[in-house]
């Protein structure tokens with residue numbers, strides 16, 4: 001029975017809540033200065049946000065406190081392959097990802113200790129009532145907070161290493177969809193809501209920086225995978241008629257999602273005292289995510305005690321470039337760009353994550369007072385390539401739990417931050 005599709009679409013939801021770092025459910029809004037430079041940061045050190053991008057580079061970063069927030073404004077449209085071919089526009093809701101870091105250590109010393117918190121995702125989407133994919137998804141809300149403790153040490157003036165312990169401190173999901181059966185009242189389809197809190201898990205982040213001179217640096221970092229588990233999720237059904245109620249007795253679910261690990265390499269180039277150029281590449285092992293299994297508790301859904309959804313993700317690469325120019329002692333200007341390759345294969349695109357190749361353009365600035373207190377600002381625009389899939393591809397791949405059609409997405413993200421140098 002098609003009701004089993006209720007939880008199959010939850011795979012993308014859970015992935016987003018755990019903060020994947022590239023393609024798929026990418027957000028990358030950590031560190032206001034870094035965002036202004038195309039989210040680069042592996043091969044250079046701007047501030048305490050180096051804890052996130054490369055713990056090894058953190059050994060050379062200035063000590064201080066920084067807080068930053070963003071307003072993410074997504075716009076997603078969908079055009080079905082059948083029917084009147086009209087465009088469906090989402091009731092998009094703005095979200096507010098944030099990050100904050102503090103770094104301690106002697107100003108001219110060899111070591112740094114730091115602590116950070118960040119939201120590696122943030123999303124809320126509401127599709128139009130009655131849209132073609134309503135049996136896959138109608139509404140989705142995601143919330144998450146990660147915490148990281150970091151230590152770094154400069155072995156020599158030219159070589160440093162660092163590591164961070166990452167804790168998925170908070171993750172919450174809410175997924176809703178219509179069911180392909182008429183409600184008991186006859187006013188429309190029955191409805192299902194899936195909610196859950198992700199179990200707290202630990203991962204790690206390692207990095208190294210080689211700095212042959214003040215003009216050039218190279219960084220390498222590795223962020224571990226964190227398999228996320230919802231062990232006590234809740235299933236709430238409304239409008240299910242008595243004639244089929246025996247097939248809808250589940251009250252909960254559990255599932256484990258394999259998230260990717262991330263390898264990054266970056267260069268920092270300083271042709272002059274005023275100009276800094278950054279180049280980054282991220283390799284994300286999305287191929288760990290091949291399928292998702294849900295086990296139901298308290299009964300059955302559609303007569304089943306478990307379901308399996310095929311994902312078959314591919315490894316993905318993101319290429320980034322950024323620059324910073326020091327206009328005066330208190331003013332810095334930034335710009336950046338990136339190209340992020342999709343990880344979702346044709347015929348596997350889901351409504352909650354209409355993944356596609358994307359281009360990003362960013363800008364930013366810092367204005368600092370008395371070398372201690374400063375205001376940071378950033379602006380990011382992401383344009384996703386148009387992504388289409390037809391019903392034949394869905395049938396061939398066994399992915400008819402999603403909908404045929406064409407997606408188009410853009411995201412605008414202004415950001416602002418404050419920093420204080422110790």
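Structure notes:
- Residue identified as over 18 Å from the mean Cα position of the chain (by Cα) and within 26 Å of residue 409 (Cα to Cα) among 137, 175: 137
- Members of segment 364-381 that are touching a strand residue (DSSP E or B) at 6+ places or on another chain (Cβ under 8 Å) and surrounded by fewer than 22 Cβ atoms within 10 Å (Cβ to Cβ): 365, 367, 368, 371, 372, 373, 375, 377, 379, 381
- Among (1) part of a strand (DSSP E or B); (2) modelled with pLDDT of 90 or more - the single one residue 59 does not satisfy: (1)
- Residue count, segment 62-97 (criterion: modelled with pLDDT under 90 and part of a strand (DSSP E or B)): 12
- For segment 129-140, the criterion of being out of contact with any strand residue (DSSP E or B) (no Cβ under 8 Å at 6 or more places or on another chain) and modelled with pLDDT of 95 or more is satisfied by no residue at all.
- Hey, residue 155 in a strand (DSSP E or B), exposed (fewer than 15 other Cβ atoms within 10 Å of the Cβ) and on the phi < 0 side of the Ramachandran plot or not: yes
- Scan of segment 394-418 for residues that are at positive phi and buried (at least 18 other Cβ atoms within 10 Å of the Cβ), ordered by number: 405
- Restricting segment 118-152 to residues that are free of Cβ contacts under 8 Å to residues at least 60 places away in the same chain and in a loop (DSSP other than H, G, I, E, B), the residue that is nearest to residue 401 (Cα to Cα) is 134.
- Considered as a group, the residues in segment 238-255 that are out of contact with any helix residue (DSSP H, G or I) (no Cβ under 9 Å at 6 or more places or on another chain) and in a helix (DSSP H, G or I) include one that is farthest from residue 144 (Cα to Cα), and that residue is 243.
- Where strands (runs of 3 or more DSSP E) fall entirely within segment 317-422, those with at least 3 residues that are under 20 Å from residue 80 (Cα atoms) and touching a residue at least 12 places away in the same chain (Cβ under 8 Å) are at 387-389, 405-421.
- Qualifying residue in segment 263-280 (condition: outside any strand (DSSP E or B) and either under 18 Å from residue 53 (Cα atoms) or free of Cβ contacts under 8 Å to residues at least 24 places away in the same chain (or both)): yes
- In segment 292-310, the residues that are out of contact with any helix residue (DSSP H, G or I) (no Cβ under 8 Å at 6 or more places or on another chain) and at pLDDT 85 or above: 295, 297, 298, 299, 305, 306
- Scanning segment 154-182 for residues being farther than 19 Å from residue 352 by Cα and in contact with a helix residue (DSSP H, G or I) (Cβ under 7 Å, 6 or more places away or on another chain) gives a total of 5.
The values are calculated or read from the model by the stated rules, or taken from the named source; none is laboratory data. Treat the numbers as computed from the prediction; the structure is a model and nothing was measured. Using ideal geometry, Cβ is built from the backbone for each residue, glycine included, and neighbour counts are taken over all protein chains shown.
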